[in-house]
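Coordinate-derived values only; no laboratory data. Keep in mind that what you see is a predicted model, and the values were worked out from it rather than measured. Cβ atoms come from the backbone with ideal geometry, glycine included; neighbour counts cover every protein chain shown.
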């Protein structure tokens with residue numbers, strides 16, 4: 001690749017803070033709220049114009065779609081608070097035992113939570129580099145309409161989803177070949193749907209959780225799913241959709257106004273979410289797939305004959321890219337055998353969806369989420385939250401889920417706050433103090 005030389009510039013300092021959180025998806029928003037509630041100065045930087053990440057940008061309103069019966073053990077904490085506050089503010093509904101967040105209304109719910117917490121929000125601001133002193137992160141460089149600016153911080157939490165900050169810092173990570181990564185998605189919604197006819201069709205089908213992945217148990221084969229593939233199969237058979245297109249819809253939201261607001265039908269493998277060219281191609285290709293999907297739904301799905309496009313997600317839905325190498329790396333054995341850790345920062349139901357695995361926690365099984373997976377190697381005063389925490393391919397099917405992202409985010413936020421108060425590094429933090437503070441915030445640790 002050709003390069004150019006840029007003259008050294010003096011960069012103004014936008015702000016100084018105790019804890020800086022980069023990215024406001026479920027992990028970053030949880031981290032920032034948790035940290036601010038510990039009484040520590042906190043700043044939250046987001047590249048888009050609203051908070052919520054995968055919820056608001058990609059239209060995914062199901063934080064806990066594993067919650068199929070009353071045996072499921074919830075993590076508690078901020079993730080459940082997202083659902084509760086959405087319910088109180090008229091921004092959710094219940095369907096098939098699931099709590100579905102209205103992803104448009106959640107933009108306002110998130111604003112409210114941020115403003116109540118007293119943290120400092122910054123929207124429309126991208127982070128492009130880091131400020132290092134040896135192996136310690138001291139702040140970041142941002143780009144926005146205000147130009148290039150610096151933010152200095154005592155602790156930084158990388159909640160970018162792609163471990164961008166860890167990468168800039170030189171922290172070790174793993175990025176698998178793109179043909180082995182989980183597919184990307186472009187979500188969409190439809191209006192003009194005869195919802196009752198559609199629901200009758202869905203309920204009378206024999207579709208189970210086991211249809212999601214090859215590695216499923218006997219109980220998953222008996223558990224109901226809204227998984228929808230028939231219209232796309234018929235369209236392929238009739239030459240209306242190319243063979244290479246991977247269309248199968250997980251839908252989860254409807255209204256009495258004739259809307260099905262979120263159809264997760266577009267799954268495109270072979271894209272690297274850290275490559276801007278791949279991201280561009282995927283966004284454009286994904287919207288083409290949306291048009292194919294709507295035509296198939298209109299022709300082959302009861303209730304959709306008069307349907308039309310309502311919305312397309314504002315950003316590509318991404319599932320897998322960089323994974324940090326942590327102080328501990330979670331394993332398949334851990335998540336499938338109810339692992340327990342002394343440095344637990346929360347629990348997560350044994351829900352796995354991804355890499356050809358589909359497991360539901362309907363028997364009450366869960367595993368501990370250890371602090372070590374959010375602590376990157378070789379870099380000090382940096383924590384990582386969300387889907388890029390340390391672990392293998394199978395554990396990623398669990399830790400990438402939004403509720404688990406809130407667990408790692410809240411753990412990171414509290415740990416950063418405790419380390420600032422005690423004037424120790426994130427690596428040297430007293431985990432018992434972190435756990436005590438998390439419990440006070442409603443997190444289930446054991």
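What to note about this one:
- FRET efficiency, residue 200 to residue 291 (Cβ-Cβ, R0 35 Å, nearest 0.05): 0.85
- Order of 246, 368 under a 10 Å beta carbon neighbour criterion, fewest first: 246, 368
- Here region 59-154 yields Rg over Rh of 1.12, to two decimals, using C-alpha coordinates and the Kirkwood radius.
- Nearest-ten-degree value, helix 26-36 long axis tilted from longest Cα axis of the chain: 40 degrees
- Listed from fewest to most Cβ neighbours within 10 Å, the set 125, 405, 190 follows the order 125, 190, 405.
- Distance between modelled label sites at residue 277 and residue 1, nm, 7 Å Cα→Cβ extension: 1.0 nm
- Counting only Cα atoms, the size of region 233-278 along its three principal axes is 40, 32, 14 Å, in decreasing order.
- Within region 179-312, the proportion of C-alpha pairs whose separation exceeds 23 Å stands at 36%.
- Sequence-distant contacts, meaning Cα pairs under 8 Å at least 6 residues apart, place the relative contact order of the chain at 22 percent.
- Computed helical MRE - 222 nm, the chain, DSSP H runs ≥ 4 contributing -39500 (n - 2.57), nearest 500: -9000 deg cm²/dmol
- Between residue 378 and residue 342, the simple label model (points 7 Å from Cα in the Cβ direction) yields a spacing of 2.8 nm.
- Label point distance in nm, residue 152-residue 135, each placed 7 Å from Cα along Cα→Cβ: 2.4 nm
- Computed over the chain, the range of Cα coordinates on each principal axis works out to 62, 52, 40 Å, biggest value leading.
- Expressed per residue, the C-alpha convex hull volume of region 355-400 stands at 77 Å³.
- For the chain, the share of DSSP beta bridges that are antiparallel, to the nearest 5, is 70%.
- Sites residue 229 and residue 427 - FRET efficiency at Förster radius 45 Å, r taken between beta-carbons, to 0.05: 0.45
- Cα gyration tensor, region 357-446 - rounded (a/c under 1.5), prolate or oblate: oblate
- Here residue 179 and residue 87 are evaluated by their C-beta separation; at R0 = 35 Å the FRET efficiency comes out at 0.25.
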